[in-house]
1. Checking Pro148 against (1) in contact with an Asp or Glu (Cβ under 8 Å, 6 or more places away or on another chain); (2) not in a helix (DSSP H, G or I): exactly one of these is not met. Which one?
2. Among the candidates Ile183, Ile133, single out the residue that is among the hydrophobic types (A, V, I, L, M, F, W, C) and more than 20 Å from Leu70 (Cα to Cα).
3. Being assigned to a loop (DSSP other than H, G, I, E, B) and in contact with a strand residue (DSSP E or B) (Cβ under 7 Å, 6 or more places away or on another chain) is the filter here, so list the residues in the range 66-87 that pass it.
4. Please verify whether the range 114-131 includes one or more residues that are within 21 Å of Thr239 (Cα to Cα) and either assigned by TED's automatic domain parsing to the domain that holds Glu229 or part of a helix (DSSP H, G or I) (or both).
5. Considering only the range 88-103, how many residues are under 23 Å from Phe162 (Cβ atoms) and either free of Cβ contacts under 8 Å to residues at least 40 places away in the same chain or not in a loop (DSSP other than H, G, I, E, B) (or both)?
6. Considering Phe211, Phe179, which residue is part of a strand (DSSP E or B) and in the same structural domain as Tyr117 (by TED's automatic domain parsing)?
7. Could you list, in sequence order, the residues of the range 224-252 that are more than 18 Å from the chain's Cα centre (by Cα) and loosely packed, with under 13 Cβ neighbours inside 10 Å?
8. Among the residues of the range 210-223, how many are touching a Phe, Trp or Tyr at 6+ places or on another chain (Cβ under 8 Å) and either surrounded by 15 or more Cβ atoms within 10 Å (Cβ to Cβ) or more than 17 Å from Arg149 (Cα to Cα) (or both)?
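The values are calculated or read from the model by the stated rules, or taken from the named source; none is laboratory data. Predicted, not measured: the structure shown is a model, and the values here were computed from it. Neighbour counts run over all protein chains shown; Cβ positions are idealised from the backbone, glycine included.
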Amino acid sequence: MKNKKFIISFTVFIISIILLVSYFIYNKKSYHQPEIASNIIEEDTIIETVKEENLEKEETEKKLKEINDLYKKNNDLVGWLEIDNTTTSYPVMYTSGEDYYLYRDFYKKYYKPGSLYVDKNNEVSRRDINLIIHGHNMKNGTMFGLLPRYKKEDYYKEHKTFTFYTLDEKQEYEVIAVFLSKIYTVIDDEYKYYKFLNTTDEEEYNEYIDFIKENSLYDIELSAKYPEELITLSTCDYTQTNGRLVIVGKRIK
């Protein structure tokens with residue numbers, strides 16, 4: 001009888017030990033579950049990021065090929081401008097010393113809306129520090145017809161960036177100023193934004209930045225420092241004679 005009680009007690013003891021050990025093993029595994037889950041999430045994020053980067057690279061390569069194919073048809077083409085999340089997406093032309101594309105399309109035929117084109121006084125091959133791109137303010141929203149919407153800060157907040165594709169690369173810009181100006185006569189003692197194209201002088205660069213920031217229609221926290229590259233988008237503003245609406249972006253990628 002005593003042996004039976006001993007066996008039962010011993011069996012209960014062994015079972016208790018097994019249960020206790022199982023409990024600690026389970027808790028140890030459970031303790032590490034968040035870490036394991038975190039690692040899995042991190043790995044998934046990395047994989048998705050790589051996929052997105054590869055997809056973006058493929059899309060960029062495809063776009064650059066399309067631009068270079070167009071260049072073979074007209075070597076006045078210097079790039080392609082897209083204002084993100086809008087329908088503004090056009091080739092950008094350039095001819096030194098003249099506004100050839102003011103009323104011409106990509107195929108050099110007369111076209112009242114004209115084309116987007118880099119300022120005739122800019123130098124494209126060695127890339128001036130500030131490229132000025134001109135375009136007509138069309139009422140139907142084509143060319144630079146959507147730029148007047150930047151007069152409202154809410155619109156700017158939804159369209160802070162634009163992309164400029166050269167023949168070789170994709171460049172991304174973020175808006176740092178939106179302001180109104182005009183084309184002045186030679187004798188007018190006013191700051192002429194359209195004269196600032198290139199400089200190796202940091203003070204001259206800062207003078208331009210100070211002007212556009214002080215005259216911006218609303219405060220934009222982002223600014224630019226020498227020698228960051230700029231693109232200035234310029235179109236007609238009909239609220240004044242020879243008026244211009246100007247959007248300046250600095251290169252961020």
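1. Of (1) in contact with an Asp or Glu (Cβ under 8 Å, 6 or more places away or on another chain); (2) not in a helix (DSSP H, G or I), only one is false for Pro148: (2).
2. Working: Ile133 fails: more than 20 Å from Leu70 (Cα to Cα).
Ile183 is the lone residue from the list that is among the hydrophobic types (A, V, I, L, M, F, W, C) and more than 20 Å from Leu70 (Cα to Cα).
3. Initial filter on the range 66-87 (assigned to a loop (DSSP other than H, G, I, E, B)): 72-76, 84-87.
Hits for the range 66-87 are Asp76, Asp84.
4. Taking the range 114-131 as the starting set, the residues that turn out to be within 21 Å of Thr239 (Cα to Cα) are none.
No, there is no match, as no residue in the range 114-131 is within 21 Å of Thr239 (Cα to Cα) and either assigned by TED's automatic domain parsing to the domain that holds Glu229 or part of a helix (DSSP H, G or I) (or both).
5. Going residue by residue through the range 88-103, those that are under 23 Å from Phe162 (Cβ atoms) are 88-95, 99, 101-102.
Still in the list and also either free of Cβ contacts under 8 Å to residues at least 40 places away in the same chain or not in a loop (DSSP other than H, G, I, E, B) (or both): 89-95, 99, 101-102.
Total satisfying the criteria: 10.
6. Values: Phe211 fails: part of a strand (DSSP E or B).
When all the criteria are applied, what remains is Phe179.
7. Pro227, Tyr238, Thr239, Gln240, Thr241, Asn242
8. Kept after step one, since they are touching a Phe, Trp or Tyr at 6+ places or on another chain (Cβ under 8 Å), are these residues of the range 210-223: 211-212, 215-218, 220.
After this cut, where a residue has to be either surrounded by 15 or more Cβ atoms within 10 Å (Cβ to Cβ) or more than 17 Å from Arg149 (Cα to Cα) (or both) as well, the list is 211-212, 215-217, 220.
Number satisfying all stated conditions: 6.
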